[in-house]
Amino acid sequence: MPTNNPSRIAEILARHQQAILEDWLLAQLAAFSARHNLISEADLRRQSADFIGIFGTACQAGTLTDIATPAWQPVRDFLASISRSRASQGFSPSETATFVFSLKQPLFAHIRQELAANAESLADEMWTATVLIDKLGLYTTELFQTAREEVIKRQQMEMLELSTPVVKLWDGILAVPLIGTLDSARTQVVMESLLQSIVDTGSNIAIVDITGVPTVDTLIAQNLLKTAAAARLMGAQCIICGIRPQIAQTMVHLGVAFGEVVTRATLADALAFAFREIGCTVSRQAPRN
Amino acid sequence: MNPPRSETLPLRSDEDLVRVRQAVRAWMVEQNFNLVEQTKMVTAASELGRNALVYGGGGSARLESPVDGGHGGIRVTFEDHGPGIADIAQALSNGFSTGGGLGLGLGGAKRLVKDFEIFSEPGQGTRVIITIRK
Amino acid sequence: MERIPILLVGEFLLVSIQVDLHDRLALALQDDLTTEVVKVRAKGVLIDISSLEIVDSFIGRVLGNIAALTAMLGANAVVVGMRPAVAITIVELGLDLSCLRTAINVDQGMAMLRLLLRPVASQGSDESAEK
Ligand SMILES: Nc1ncnc2c1ncn2[C@@H]1O[C@H](COP(=O)(O)OP(=O)(O)OP(=O)(O)O)[C@@H](O)[C@H]1O
Ligand SMILES: [Mg+2]
């Protein structure tokens, strides 16, 4: 049972800091032998030395049974930054947790050595150390998962943006060729980036080409029409082209709610319409011969 | 991870309404909601705050985070002790207004922020709660 | 009370809303603009809302009123610079602002106002040419 005597872990840690650090590094290097490409030994050494320092200070200042107390704030912050950087470096959750868990062996070895003569206190301290390191390990894993989710979410957004290039066809005319399945999230990203491009380029015509979209359900048709309405509020005109007959039906039906929208069968038709709108004429030069 | 927070702002004047909008915006920015999410939440808050001001004779807006002990998110509760709404379904329908408005505020706020709850009793006042989750 | 400044540029009035628009201020702008249109016989009104972070039902209604009132007074109104997030929100809110004339930015708004005046002007010159 935890006694009221202050724990001796802090003192043991302080006295054997260097030795514990070396043993800990060896344990980590063994575990990460396959991961030299992800982190250099020098970085690992620096991180580990920093952590031992901060960890030792927290052990001296705070209670060892509650890592939520202010004394453990620096340790929590440190672990947060480690989890975040490892999540983005491509470490797995268990590899990240290993950073903390692999400290157990070296720490236990030195506790055992120090307290060999006092079985009862040895058991107490081992118990305290186990619980403490498990808590820190779990904390790291949780943080890692959150950080990883953020990375994935960001990558998804980036992919969405990449897969929907807004191109400038002519001075004042933008186009987005949509290819592949349109779900609600993707439609939203496309539309937001289209509207932003309208502002950035000062274009007043935007052509949305859905030739490459296999199916357009009512929800997507509705999103397209909402975008057209938003573009109009901003002072631009949206033309939707590449529309199959049955989708055209849906559009007309929904158009009642969102105001008229210009639709054309093909990109060429849409472009011809756009040219007329901005007062451009396209003419073929007389053949030379 | 973030400690729970709350802030209650009065709604007694046009300037108060601006302050509520600014507070909602600041909380949304802090939690990294994107521009469209921010704008929808602030606009909904503006509609509901104005209703509390105009029809409820003034009231308050309370901001809270996180919601249901989750990672984040923001909940705003608008409360007044005005006459209340007898027929909530009618008040929510587009175009219904007793104040010469467009009758868009309530229904529109619900479209902007899907997580929308309204409680009202005639003579007791009105409470509207909107929540956005992370 | 604080007021939103109105600039006279040629025959057009220019307003750029730079502050958080509270309801009384929006109504004051509506009054000031209509008064000013009459006073200087403006041919057009340009309202730049590129700094506005939201347009709710109240502000939307005021913008609509301004357009309708200036039209009655023989001037054109154009609203420019609405942000994408604001436009998306207005559509979701269900606010119908199709009565508004809009342009992407101040330059295009000014060009639009000038263009709107032209048919009248060219008609005038045609007539004088015929005489
Ligand atoms: N807090 C409230 N207390 C009492 N009645 C309310 C309250 N909020 C809304 N109502 C009633 O519900 C009606 C509809 O509200 P809603 O916000 O949708 O439209 P509005 O305020 O009349 O116009 P708009 O918001 O479009 O300018 C109001 O006209 C009013 O009768
Ligand atoms: Mg209202």
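The values are calculated or read from the model by the stated rules, or taken from the named source; none is laboratory data. Remember, predicted model here, so these are calculated numbers, not experimental data. Methodologically, a virtual Cβ is constructed for each residue, glycine included, from the backbone with ideal geometry; neighbour enumeration extends over all protein chains shown. Ligands, DNA and RNA are excluded from the accessible area calculation, which covers all protein heavy atoms including side chains. Shrake-Rupley method; radii C 1.70, N 1.55, O 1.52, S 1.80 Å.
List of remarks:
- Selection count, region B:101-134, where residues are within 7 Å of ligand 1 (Cβ to nearest atom) and either touching a Cys at 6+ places or on another chain (Cβ under 9 Å) or part of a loop (DSSP other than H, G, I, E, B) (or both): 4
- Among the residues of region C:30-48, those identified as surrounded by fewer than 21 Cβ atoms within 10 Å (Cβ to Cβ) and either part of a loop (DSSP other than H, G, I, E, B) or touching a helix residue (DSSP H, G or I) at 6+ places or on another chain (Cβ under 7 Å) (or both) are C:Gln30, C:Thr34, C:Arg41, C:Lys43, C:Asp48.
- Those residues of region A:173-228 which are at positive phi and modelled with pLDDT of 85 or more, in sequence order: A:Gly202
- Every residue from region A:181-200 that is under 14 Å from A:Ala231 (Cβ atoms) and aliphatic (A, V, I, L, M): A:Val190, A:Met191, A:Leu194, A:Leu195, A:Ile198, A:Val199
- For C:Gln18, the conditions (1) in a strand (DSSP E or B); (2) in contact with a Ser or Thr (Cβ under 7 Å, 6 or more places away or on another chain) all hold with the exception of (1).
- Of all residues in region B:50-93, those being under 21 Å from C:Leu27 (Cα atoms) and more than 6 Å from ligand 1 (Cβ to nearest atom) number 5.
- Qualifying residue in region A:185-206 (condition: farther than 19 Å from C:Met82 by Cβ, surrounded by 20 or more Cβ atoms within 10 Å (Cβ to Cβ), polar (S, T, N, Q) and not assigned by TED's automatic domain parsing to the domain that holds A:Arg84): yes
- No other residue among B:Arg19, B:Arg50 is under 24 Å from B:Gly107 (Cα atoms), at the interface with chain C (Cβ under 7 Å from one of its Cβ atoms) and either open to solvent by 10 Å² or more (accessible area, probe 1.4 Å) or touching a Leu at 6+ places or on another chain (Cβ under 6 Å) (or both) apart from B:Arg50.
- Only listed residue being within 14 Å of ligand 1 (Cβ to nearest atom) and open to solvent by 30 Å² or more (accessible area, probe 1.4 Å), chosen from C:Arg101, C:Arg83, C:Arg61: C:Arg61
- Test for B:Phe96: is it within 13 Å of ligand 1 (Cβ to nearest atom) and touching a Gly at 6+ places or on another chain (Cβ under 9 Å): yes
- Residues that are more than 14 Å from ligand 2 (Cβ to nearest atom), within 14 Å of another protein chain (Cβ to nearest Cβ) and surrounded by 14 or more Cβ atoms within 10 Å (Cβ to Cβ), drawn from region B:72-115: B:Gly72, B:Val113
- Total residues in region A:202-256, condition more than 34 Å from the chain's Cα centre (by Cα), part of a helix (DSSP H, G or I) and in contact (Cβ under 8 Å) with a residue 24 or more places away in the chain: 5
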